[in-house]
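Beneath this line is the structure, given in structure tokens, with notes to follow.
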Amino acid sequence: MSDAMIIVLTAGLTATALALLGPFLVLRRVALMGDAVSHAVLPGIVAAFLVFQTRAPLVVILGAAAFALICVLAIEALRGTGLVASDAAIGLVFPALFALGVLGIHRYAANIHLDLDSTIYGEIAFAPFRTLDLGGVEVVRSVLIMGVVAAVNLGLITLLWKELKVTSFDPDFARSIRFSPTVVARLLLIAVAVTAVTAFESVGAILVVALLIVPAAAAYLMTDRLVAMVAIAVAIGWVSSVVGYAGAVEVDASIAGAMGLTAAVIFGIALLASPRHGLIARAVRRARTRRAVERALAEERGAQGAGA
Amino acid sequence: MAPALDIPALEVAHLTVSYGSTPALWDVDATFPSGAMSAIVGPNGSGKSTLIAAALGLVPSDSGRSTIFGRPAKEAMRRVAYVPQRESVDWDFPITVREVVEMGRYAEAGWLRRISRSDRAIVDGAIERVGMAPYSRRQIGQLSGGQRQRVFIARALAQEADLLVFDEPFAGVDARTEAALLSLLAQLRDREGRSVVMVHHDLQTVRSMVDWVLLLNVRAIACGPVASTMTPDNLRRVYGAADIGAPAAEGAAWVP
């Protein structure tokens with residue numbers, strides 16, 4: 001496999017894993033969950049270093065995953081009290097965890113280089129160089145990991161499809177048929193936390209935050225079917241990966257930055273040009289209605305004039 | 001029709017629910033007979049929605065108990081179709097009419113399993129029955145208020161429940177649609193012996209269409225057959241004298 005293919009494949013699989021979950025976050029109005037997790041993992045890295053005195057990837061990932069789970073479950077619990085709105089719950093939990101991490105670094109790790117970029121956040125450009133030996137076969141680490149995570153997420157949303165649909169759309173009704181919205185929300189958020197942390201390690205933070213939400217938000221504007229929304233989000237993720245990589249090579253720029261920006265451009269196009277919900281379609285409809293109203297009014301006036 | 005009183009469809013005893021320190025319901029006793037259409041009536045903030053949710057075990061109660069067809073509510077939820085207030089629904093959600101009605105079969109299918117072919121036939125029948133078949137592929141937000149409510153009634157029908165519980169089913173629905181939906185509910189009662197309990201605000205409809213009524217204002221003021229329960233005296237106790245006197249008040253229309 002060429003380096004280009006490995007990078008695009010890594011990004012595409014990461015995008016798939018994220019875009020399978022993103023639509024549900026958008027629909028449940030907790031779209032900033034990815035940003036929250038990206039900051040909340042810091043104390044996990046400090047804790048892992050304190051306990052094991054190492055910055056080895058596996059230990060760091062486990063520490064980060066632990067705090068990612070604490071973050072998403074704490075946000076959900078805070079939402080569940082009914083005292084704090086979704087956006088405020090997110091805004092309350094992750095700064096507290098991030099602050100805890102900053103404090104921990106200052107207190108226990110002032111002498112060593114311990115931060116998010118040097119520990120948990122990977123760089124997609126290095127994906128081809130990080131390989132694993134799997135029974136004599138050399139496989140690219142990020143492709144293997146993100147492939148497994150994407151497959152697990154696909155299995156999860158396939159199994160929980162109707163549960164996710166009913167608890168997202170009508171939680172009161174879901175409760176009445178014994179489909180607990182709390183249980184479903186927790187399963188979804190655990191998947192988000194695990195996916196985000198493994199993806200941070202493979203492709204870096206900005207790409208994860210972008211690919212979790214931007215394709216889902218664009219897909220939301222393009223369809224009225226949930227299954228189509230998820231499929232379109234995955235497709236946008238792949239287009240962003242391919243086009244973003246080509247663009248980055250063309251102008252010799254950051255790969256993750258180019259992919260994230262491509263996703264944003266696709267969202268912009270959807271916002272303008274989506275057939276039903278786009279701004280252009282809306283303006284055309286409004287103009288058409290206005291013309292029809294004017295015509296009807298003119299006819300009415302004409303009829304009155306003739307009658308008088 | 002004469003409602004059978006032997007085994008009530010829904011019965012609550014000494015039900016007390018509070019939000020914070022304010023009681024939403026205080027020591028409420030009420031019985032809703034099976035095979036009848038019943039209404040819960042009272043001013044805003046009188047605890048009507050809370051009563052339904054607590055009776056079905058969906059919000060915790062501080063005291064009291066609730067039975068459905070003689071069994072503890074938690075064990076009998078399979079026999080209940082609940083239609084929550086529509087304010088909480090996201091109308092922009094990417095979901096079609098048919099998909100909403102399919103949710104009525106989810107409990108039968110159970111966790112993780114897909115709904116079966118016979119479930120699909122039941123869904124088709126329910127959509128047909130409320131006259132929404134031409135719209136079954138529409139996104140839910142593209143419908144009018146009355147059509148939306150018909151979809152949620154179809155979902156309740158698809159549940160094939162013996163007790164249908166509606167929270168403000170006719171909010172935002174025009175009078176003609178309301179009459180059509182009410183006669184559909186009356187049909188379910190008369191032909192299939194199903195029980196209906198609904199929160200309702202229009203005393204006029206309650207008097208003409210409903211068999212049984214609970215007058216509620218945090219406490220249960222009166223509960224019984226419409227004719228003997230909706231007396232001017234009882235209504236004054238529920239709504240307070242000021243409301244009864246005002247022309248726009250809910251109680252004004254019928255007071256002699």
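The values are calculated or read from the model by the stated rules, or taken from the named source; none is laboratory data. Source: prediction; values computed, not measured. Because the Cβ atoms are built from the backbone with ideal geometry, glycine has one as well, and the counts that use them run over all protein chains shown. Surface accessibility is based on the protein's heavy atoms, side chains included, excluding ligands, DNA and RNA. Shrake-Rupley method; radii C 1.70, N 1.55, O 1.52, S 1.80 Å.
Tabulated results
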| item | result |
| --- | --- |
| Conditions (1) more than 18 Å from A:Ile177 (Cβ to Cβ); (2) more than 20 Å from the chain's Cα centre (by Cα); (3) open to solvent by less than 30 Å² (accessible area, probe 1.4 Å): number failed by B:Val123 | (1) |
| Residue within region A:277-288 that is assigned to a helix (DSSP H, G or I) and surrounded by 15 or more Cβ atoms within 10 Å (Cβ to Cβ) present | no |
| Subset tally (residues that are under 16 Å from A:Ala199 (Cβ atoms) and among the aliphatic types (A, V, I, L, M)) for region A:59-84 | 8 |
| Selection count where residues are among the hydrophobic types (A, V, I, L, M, F, W, C) and more than 18 Å from the chain's Cα centre (by Cα), scope region A:71-88 | 7 |
| Of all residues in region A:172-184 being part of a helix (DSSP H, G or I) and farther than 17 Å from A:Leu78 by Cα, the one that is farthest from the other protein chains (Cβ to nearest Cβ) | A:Ala174 |
| Helices (runs of 4 or more DSSP H) wholly inside region A:1-100 that include at least 3 residues being modelled with pLDDT of 95 or more, open to solvent by 20 Å² or more (accessible area, probe 1.4 Å) and not polar (S, T, N, Q) | A:3-27, A:57-80 |
| Residues of region B:97-107 satisfying the condition of being more than 9 Å from chain A (Cβ to nearest Cβ), open to solvent by 10 Å² or more (accessible area, probe 1.4 Å) and in contact (Cβ under 8 Å) with a residue 40 or more places away in the chain | B:Arg105 |
| Enumerated strands (runs of 3 or more DSSP E) restricted to region B:1-92, each holding at least 2 residues that are more than 14 Å from chain A (Cβ to nearest Cβ) | B:10-19, B:22-32, B:37-41, B:63-68 |
| Residue check for A:Ile206: within 19 Å of the chain's Cα centre (by Cα), in a helix (DSSP H, G or I), away from chain B (no Cβ under 14 Å) and modelled with pLDDT under 95 | yes |
| Exclusive hit being at pLDDT 90 or above and within 26 Å of B:Ala107 (Cα to Cα), set B:Ala30, B:Ala54, B:Ala13, B:Ala24 | B:Ala54 |
| Selection within region A:20-77 - free of Cβ contacts under 8 Å to residues at least 24 places away in the same chain and in contact with a Gly (Cβ under 6 Å, 6 or more places away or on another chain) | A:Ala48, A:Gly63, A:Ala66 |
| Residues of region A:112-129 classified as closer than 15 Å to A:Ile255 by Cβ and over 20 Å from the mean Cα position of the chain (by Cα), total | 5 |
| Output for region B:187-215, where each listed residue is within 30 Å of B:Ser116 (Cα to Cα) and open to solvent by 10 Å² or more (accessible area, probe 1.4 Å) | B:Gln187, B:Arg189, B:Asp190, B:Arg191, B:Glu192, B:Gly193, B:Arg194 |
| All positions within region B:185-208 that are over 14 Å from the mean Cα position of the chain (by Cα) and under 21 Å from B:Arg129 (Cα atoms) | B:Gln187, B:Asp190, B:Arg191, B:Glu192, B:Gly193 |
| Selected residue [over 20 Å from A:Glu163 (Cα atoms), surrounded by fewer than 22 Cβ atoms within 10 Å (Cβ to Cβ) and of a type in the set (Phe, Trp, Tyr)] from B:Trp26, B:Trp111 | B:Trp26 |
| Residue within region B:166-185 that is modelled with pLDDT under 90, in a helix (DSSP H, G or I) and farther than 27 Å from B:Val123 by Cα present | no |
| Search result, residues across region A:233-253 that are surrounded by fewer than 20 Cβ atoms within 10 Å (Cβ to Cβ) and either touching a residue at least 60 places away in the same chain (Cβ under 8 Å) or part of a helix (DSSP H, G or I) (or both) | A:Ala235, A:Trp238, A:Val239, A:Val242, A:Val243, A:Ala246, A:Gly247, A:Val249, A:Glu250, A:Val251 |
| Residues of region B:109-142 satisfying the condition of being within 11 Å of chain A (Cβ to nearest Cβ), touching a residue at least 40 places away in the same chain (Cβ under 8 Å) and not in a loop (DSSP other than H, G, I, E, B) | B:Gln139, B:Ile140, B:Gly141 |
| Selection from region B:91-105 of residues that are within 12 Å of A:Lys165 (Cβ to Cβ) and among the acidic types (Asp, Glu) | B:Glu99, B:Glu102 |
| Some residue of region A:64-84 being over 30 Å from A:Leu9 (Cα atoms) and among the aromatic types (Phe, Trp, Tyr) | no |
| Condition check for A:Ala264: open to solvent by less than 70 Å² (accessible area, probe 1.4 Å), assigned to a helix (DSSP H, G or I) and under 30 Å from A:Ala218 (Cα atoms) | yes |
| Enumeration of residues in region A:69-109 that are out of contact with any helix residue (DSSP H, G or I) (no Cβ under 7 Å at 6 or more places or on another chain) and among the acidic types (Asp, Glu) | A:Asp87 |
| Test: residue in region A:147-162 that is in contact with a Ser or Thr (Cβ under 6 Å, 6 or more places away or on another chain), away from every other protein chain (no Cβ under 14 Å), assigned to a helix (DSSP H, G or I) and not polar (S, T, N, Q) | yes |
| Failed condition for B:Val83, given (1) under 18 Å from the mean Cα position of the chain (by Cα); (2) surrounded by fewer than 14 Cβ atoms within 10 Å (Cβ to Cβ) | (2) |
| One residue from A:Val197, A:Val230, A:Val192 being within 15 Å of the chain's Cα centre (by Cα), buried (at least 24 other Cβ atoms within 10 Å of the Cβ) and either without any contact (Cβ under 8 Å) to a residue 24 or more places away in the chain or within 30 Å of B:Gln149 (Cβ to Cβ) (or both) | A:Val230 |
